[in-house]
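The block underneath contains the structure these notes are about, expressed in structure tokens.
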Amino acid sequence: MFVVDFSDHVSVELSDGKPFTSNPRELAKAVSAVQASGMTALYDAVAEGLNHLQLGHSEKKALIIVSDGGDNASTRQYAEILELAHRSQAVIYAIGLVGATEEENPALLRRLCRDTGGLAFFPEHGELVSDISARIARDLREQYTLGFTPEKKGNGSFRRVRVQVIAPGRGKLQVRTRSGYIAARQEGLDSVAIKSQP
């Protein structure tokens, strides 16, 4: 895990120069270093987080955004962020802290999460961010990865994905997936992570 601090500027808060840590004390120290001041460069922060994820070796990549969804200082646009998310194959989750400012944008958080196969959570009165974090961790553990061989060779273009599940006797199942993937410029197995919910 790692922490990205963003306001007018964006920085990754690292502990002893390590790109990732699972040490709760190191993470708490990185979070406490975050200062809420100035403007908000949310898109730039998401781009930094997605780029930083590429330093990891895990196949499953997730980015959790804690924000109100407002952006008034980024140099990047939504389309750039979405393409970067598709290329990284990261699932984006959001914990939306809304209800305090006019510049917040919960719809943006929902859209970004939906387009990458994640979920946006908006804590209700008295609900803790740590409780939502535990729900996100459970969601990540319960995902499946489907593999398939595409009919055409990859050419670096975006390909839409739609997954339908039929399970006799199980009732209606909802499946959540990324909206698609970037077809690699090589032959081989493509995959997409899915989450099914009864």
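The values are calculated or read from the model by the stated rules, or taken from the named source; none is laboratory data. Just so you know, these numbers come straight off a predicted model, no measurement behind them. Positions of Cβ are backbone-derived with ideal geometry, glycine not excepted, and every protein chain shown enters the neighbour counts.
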Output for the range 7-21, where each listed residue is modelled with pLDDT of 85 or more and outside any loop (DSSP other than H, G, I, E, B): Val10, Ser11, Val12
Cross-chain or 6+ apart pairs with Cβ under 8 Å, the range 22-43 first and surrounded by 12 or more Cβ atoms within 10 Å (Cβ to Cβ) and outside any loop (DSSP other than H, G, I, E, B), then basic (Lys, Arg) and modelled with pLDDT of 90 or more: Tyr43/Arg76
Search result, residues across the range 150-172 that are within 30 Å of Leu82 (Cα to Cα), touching a residue at least 12 places away in the same chain (Cβ under 8 Å) and not charged (D, E, K, R): Pro150, Gly154, Asn155, Gly156, Ser157, Phe158, Val161, Val163, Val165
Boolean, Gly126 is buried (at least 20 other Cβ atoms within 10 Å of the Cβ) and on the phi > 0 side of the Ramachandran plot: no
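Scan the range 47-89 for residues that are among the hydrophobic types (A, V, I, L, M, F, W, C), over 21 Å from Ala107 (Cα atoms) and assigned to a helix (DSSP H, G or I) and report the count. Don't jump to the end; show me each part of the working.
We begin by selecting, within the range 47-89, every residue among the hydrophobic types (A, V, I, L, M, F, W, C); these are 47, 50, 53, 55, 62-66, 73, 79, 81-82, 84-85.
If we keep only those that are over 21 Å from Ala107 (Cα atoms) as well, we get 53, 55.
Narrowing the set further to residues that are assigned to a helix (DSSP H, G or I) leaves 53.
Going through the range 47-89 one residue at a time, the tally reaches 1.
So that you can scan it fast, the table gives a plain yes or no per residue for (1) part of a loop (DSSP other than H, G, I, E, B); (2) touching a helix residue (DSSP H, G or I) at 6+ places or on another chain (Cβ under 6 Å); (3) surrounded by 11 or more Cβ atoms within 10 Å (Cβ to Cβ); (4) not hydroxyl-bearing (Ser, Thr, Tyr):
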{"site": "Glu104", "(1), (2), (3), (4)": "yes, no, yes, yes"}
{"site": "Arg111", "(1), (2), (3), (4)": "no, no, yes, yes"}
{"site": "Arg114", "(1), (2), (3), (4)": "no, no, yes, yes"}
{"site": "Pro150", "(1), (2), (3), (4)": "yes, no, yes, yes"}
{"site": "Gln164", "(1), (2), (3), (4)": "yes, no, no, yes"}
{"site": "Arg170", "(1), (2), (3), (4)": "yes, no, no, yes"}
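Report whether or not Ala36 is of a type outside the set (S, T, N, Q) and touching a strand residue (DSSP E or B) at 6+ places or on another chain (Cβ under 9 Å).
no
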